[in-house]
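Shown next, in structure tokens, is the structure this report addresses.
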Amino acid sequence: MIVPSERLRKLPPYLFAEIDRLRKKLVSEGHDVISLGVGDPDQPTPEHIIAACQQALREPRYHRYPLGHGNPTFRRAIADYYDRYDGVRLDPEEEICVLIGSKEGIAHLPLALLNPGDISLVPEPGYPVYHIGTMLAGGTSHFLPLTEKNRFLPDFSCIPTEVLSRAKLLWLNYPNNPTAVFAPSEYLQEAIAFCRKHNIVLAYDAAYREIYYDRRPVSFLSLPGAREVGVEFHSLSKTYNMTGWRVGWVCGNRHIVKALASLKENIDSGTFEALQVAGTVALTGSQDCLERLRQIYRQRRDLFAGCLKTIGWSAELPRGTFYYWVKTPSGDAVGTVKELLEKAHVVATPGTGFGPSGEGFVRFSLTVPEERLRLAIKRMEALWKKK
Ligand SMILES: Cc1ncc(COP(=O)(O)O)c(C=O)c1O
């Protein structure tokens with residue numbers, strides 16, 4: 001009998017199993033189910049990026065094992081991107097490491113930094129990989145609730161002293177999944193000071209950095225002291241509709257970057273170079289595609305805001321990401337999602353799937369074409385308008 005490791009058996013259960021079973025049943029019965037569940041862009045990767053990749057695929061030099069921490073031209077393009085938009089000067093040699101999507105680096109960072117028994121400070125509701133990576137490395141997560149009251153910004157003053165003495169890593173993610181809020185620079189400065197005081201590494205997840213509607217979110221790395229305590233994870237996934245390509249990076253503090261790169265040297269052999277060539281073109285080519293993408297999401301957000309108004313649900317208008325974090329009138333996240341699926345054939349994600357403080361909230365991902373979104377809205381209004 002094959003018995004998976006204790007480590008694997010300790011992974012949290014799949015919280016959406018029942019909802020997923022219901023969704024599959026409805027689809028098998030021939031119902032038209034609209035998914036606002038998974039956060040995966042529906043738009044295609046821009047044509048000029050695909051063309052660059054096609055050309056690179058024909059180059060035998062890119063068919064070999066990629067270099068350790070990334071193609072030098074791609075790392076230079078990443079450094080130039082930070083310099084151009086944020087005035088942050090990064091040394092491409094020592095302060096940037098290319099990843100197989102940012103998830104890969106996020107999952108591996110705890111293995112590079114934590115010893116068994118060390119603590120990660122993990123916001124909840126949040127992206128589950130911060131906790132899972134910590135657990136797989138033998139560490140322990142101390143969860144930091146994100147609530148309406150704290151404006152979805154963890155309150156460091158609530159962390160017990162004995163936790164602080166064992167804490168080695170703090171995860172922050174803004175623009176935030178799932179709550180769609182941004183962090184003000186004063187807050188990030190407070191986080192940097194907190195990490196410096198307690199000798200904690202700050203791992204900043206900027207996956208949604210380029211998906212904003214009005215004002216560009218604050219750059220973590222541009223803040224004073226950021227590079228002394230932390231690194232930023234970023235990727236091409238959401239910015240250029242490239243989730244399937246698996247190209248990301250970590251950048252910032254050279255010691256942290258080096259630790260993760262050394263770990264990766266022993267686990268993978270880097271990111272396929274043809275993809276890194278495409279990534280270079282994505283970052284250095286015309287950014288018109290990105291403005292068009294923001295416009296698409298902005299329109300969808302406004303449509304959905306109209307629906308929420310009609311059904312009388314409360315939510316703050318997102319300033320970025322393609323998520324909508326909505327408070328359910330019943331306060332029952334799973335119950336609401338089930339009702340929505342059963343009666344309107346629309347999939348959403350219960351807030352509790354991201355952590356217990358997500359109770360009472362539902363996350364809608366606006367990653368379906370406008371006509372599908374309009375149809376989902378029509379069904380939601382038919383279901384809930386009268387209530
Ligand atoms: C908050 C957050 N961080 C990181 C990722 C990982 O993105 P990728 O591995 O595609 O770069 C995701 C993906 O959904 C995410 O939501």
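Summary table
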{"item": "Vicinal HN-Hα couplings computed from phi for region 79-88 (Karplus, 6.51 cos²θ - 1.76 cosθ + 1.60; Hz; Gly/Pro x)", "result": "4, 5, 4, 5, 5, 5, 8, 10, x, 9"}
{"item": "Taking region 104-180 and dividing mean pair separation by its residue count, relative contact order in percent (alpha carbons under 8 Å, at least six apart)", "result": "36"}
{"item": "Stokes-Einstein translational diffusion, region 132-219 - Kirkwood Rh over all Cα pairs, 1.002 mPa s, 20 °C, in µm²/s", "result": "152"}
{"item": "Value of Rg to Rh for region 7-85 (Rh from inverse mean 1/r over Cα pairs, i.e. Kirkwood)", "result": "1.17"}
{"item": "Over region 276-383: Rg over Rh, Cα atoms, Kirkwood Rh", "result": "1.06"}
{"item": "Global size of region 47-284 as Cα Rg and Dmax, reported in angstrom", "result": "17.4, 57"}
{"item": "Local electrostatic count at His69 - Lys and Arg +1, Asp and Glu -1, tallied over other residues with Cβ under 14 Å", "result": "-3"}
{"item": "Net charge of neighbours whose Cβ lies under 15 Å from the Cβ of Asp214, counting Lys and Arg as +1 and Asp and Glu as -1", "result": "+3"}
{"item": "Summed side-chain charge close to Gly139 - residues other than Gly139 whose Cβ falls under 11 Å, Lys, Arg +1, Asp, Glu -1", "result": "+1"}
{"item": "Cα-based Rg and Dmax for region 184-339, where Dmax is the largest Cα-Cα distance (Å)", "result": "19.0, 54"}
{"item": "Compactness of region 55-193 - radius of gyration and Dmax, Cα, Å", "result": "18.0, 57"}
{"item": "Label point distance in nm, Asp83-Ser5, each placed 7 Å from Cα along Cα→Cβ", "result": "4.1"}
{"item": "Gain in span if fully extended, Asp302 to Ala51, counting 0.36 nm per residue against the direct Cα distance", "result": "87.1 nm"}
{"item": "Under 5 Å, built H, 5+ apart or other chain: amide partners of Leu99", "result": "Gly248, Trp249, Val250"}
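Rule-based calculations on the coordinates, nothing more; no lab input. A quick note: this is a predicted structure, and the numbers were derived from the prediction, not measured. Heads up, the Cβs are rebuilt from the backbone with ideal geometry, glycines too, and the neighbour counts pull from every protein chain shown.
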